[in-house]
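Visitor: Below: one structure in C-alpha cells.
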Amino acid sequence: MSPISIIVTSFIIMSVFALLFQYYIWKSCKADKMIIEEHWQKFLKADLKNNIEGIKTYADKLVWNKHIETEQLNIIMEAINSRVEKYPEFEKLSNVIFNKNRHLDRPLPYSGSSGGKKQSW
C-alpha cells in the first residue's frame with residue numbers, strides 16, 4: 001500500500017469514528033431531554049414522602065442530566081443538605097450538587113454572567 005492510501009484510509013476511519021461518537025452524544029442528549037421531567041416528578045414525590053433511596057437515585061440522575069435548570073438544582077441541594085447530618089451517604093452527592101451549581105453559575109467570557117439561568121449545551 002502506498003503512503004497516500006494509508007493516510008486516506010486512516011482519515012476515513014477516524015472520520016467514521018468521530019461521526020459515530022457525535023451521533024452517540026446527540027442521542028444521549030436527546031434522551032436526557034426526554035426523561036428529565038419524569039425524573040423531576042419522581043424526585044419531588046420521593047422528597048415529599050422522605051423516601052431516602054428515591055431521593056438519592058433521582059437526585060443523582062438529575063444532577064448528571066445536561067438539561068437541569070438552576071432552580072431545580074437549588075431545590076435538590078436544599079433537600080440533600082437538610083438530610084446530610086442524618087444520612088451521611090448524601091455527603092458525596094451534596095458535593096457533586098455544589099460543584100454542578102458552581103459550574104452552572106460561572107461567568108462565561110462570551111456571554112458575561114449566566115445570571116442563574118440554564119446553560120445550554
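Visitor: Assuming Lys66 fulfils every condition listed in (1) out of contact with any Cys (no Cβ under 7 Å at 6 or more places or on another chain); (2) touching a residue at least 24 places away in the same chain (Cβ under 8 Å) apart from one, which condition is it?
Guide: (1)
Visitor: Being open to solvent by 100 Å² or more (accessible area, probe 1.4 Å) and not in a helix (DSSP H, G or I) is the filter; apply it to the stretch 96-121 and report the residue that is modelled with the highest pLDDT.
Guide: The initial filter retains those residues of the stretch 96-121 that are open to solvent by 100 Å² or more (accessible area, probe 1.4 Å), namely 98, 102, 109-110, 117, 120-121.
Pick out the ones that are also not in a helix (DSSP H, G or I) and you get 109-110, 117, 120-121.
On the way: Pro109: 80, Tyr110: 72, Lys117: 53, Ser120: 53, Trp121: 53.
So the residue we want is Pro109.
Visitor: Sticking with this structure for a sec: Looking at Tyr24, is it in contact with a helix residue (DSSP H, G or I) (Cβ under 9 Å, 6 or more places away or on another chain) and either hydroxyl-bearing (Ser, Thr, Tyr) or touching a residue at least 60 places away in the same chain (Cβ under 8 Å) (or both)?
Guide: Working: in contact with a helix residue (DSSP H, G or I) (Cβ under 9 Å, 6 or more places away or on another chain): no; either hydroxyl-bearing (Ser, Thr, Tyr) or touching a residue at least 60 places away in the same chain (Cβ under 8 Å) (or both): yes.
So Tyr24 fails the test.
Visitor: Right, Ile35: of a type outside the set (Asp, Glu) and touching a residue at least 12 places away in the same chain (Cβ under 8 Å) or not?
Guide: Values: of a type outside the set (Asp, Glu): yes; touching a residue at least 12 places away in the same chain (Cβ under 8 Å): yes.
So Ile35 fits the description; yes.
The values are calculated or read from the model by the stated rules, or taken from the named source; none is laboratory data. Because the structure is predicted, anything quoted here is derived from the model rather than measured. Cβ: placed from backbone, ideal geometry, glycine included. Neighbour counts: every protein chain shown. Remember, those area values only see protein heavy atoms, side chains included, never the ligands or the DNA or RNA. Shrake-Rupley method; radii C 1.70, N 1.55, O 1.52, S 1.80 Å.
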